[in-house]
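Data block below; observations after.
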């Protein structure tokens, strides 16, 4: 789906929708959205630790369906087997947990880097891309 492996999708992607987290610019209460994103990312982190024994870092990207489709189209055109790639498209939120209470939140990321497998699908998250339109917050502790 979207030229992403199922495992990558489950581990790293949370689609946004009308009943999910809304984009930063549409919400009058920014802190509430940030807290929602971090809360949801924390739930995913806990599930990954319990079910897969995955440790840190743990990254989750929150994006809309059109971004997922754009990533899929990009990877389809890239048509690269076992390669690194750098996708340049806006991603609403990227949360990376680096410890039990330590995490980085990027709002409006400029894209991300990943790797494709033998089937030309993204299977690995490498890094977030940021630019002057991105906002980065680094937190140590559960309170914002």
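Test of understanding: ordering 127, 11 by Cβ neighbours within 10 Å, fewest first, what list do you get?
Numbers: 127 13, 11 20.
In order of increasing Cβ crowding within 10 Å: 127, 11.
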Translational D in µm²/s for the chain (Stokes-Einstein at 20 °C, 1.002 mPa s, Kirkwood Rh from C-alpha pairs): 138 µm²/s
Over the chain, relative contact order from alpha-carbon pairs under 8 Å, at least 6 apart, %: 25 percent
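Arranged by the count of other C-beta atoms within 10 angstrom, fewest first, what order do 138, 37, 95 take?
Details: 138 11, 37 22, 95 26.
Final ranking by Cβ density, sparse to dense: 138, 37, 95.
What order do you get for 129, 39 when you list them from fewest to most C-beta neighbours inside 10 Å?
Ascending number of Cβ neighbours within 10 Å: 39, 129.
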Quickly work out the residue 120-to-residue 101 label distance, labels modelled 7 Å from Cα along the C-beta direction, and quote it in nm with one decimal. 4.8 nm
Additional length obtainable on full extension of the chain from residue 49 to residue 83, 0.36 nm per residue less Cα span: 9.5 nm
Between residue 90 and residue 131, what is the spin-label point distance in nm, taking each point 7 Å from the Cα along the Cα→C-beta axis? 1.1 nm
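Quantify how much of the Cα-Cα distance distribution of the range 42-93 extends past 17 Å, in percent. Spell out each step's value before the answer.
On the way: 710 of 1326 pairs.
Roughly 54 percent, once rounded to a whole number.
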Per DSSP helix of 4 or more residues, -39500 (n - 2.57); summed, then divided by the residues of the chain. What does that give at 222 nm, rounded to the nearest 500? -10000 deg cm²/dmol
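Where a number appears in this text, it was derived from the coordinates with a stated rule and is not lab data. Being a predicted model, the structure only gives us computed values, none of them experimental. Heads up, the Cβs are rebuilt from the backbone with ideal geometry, glycines too, and the neighbour counts pull from every protein chain shown.
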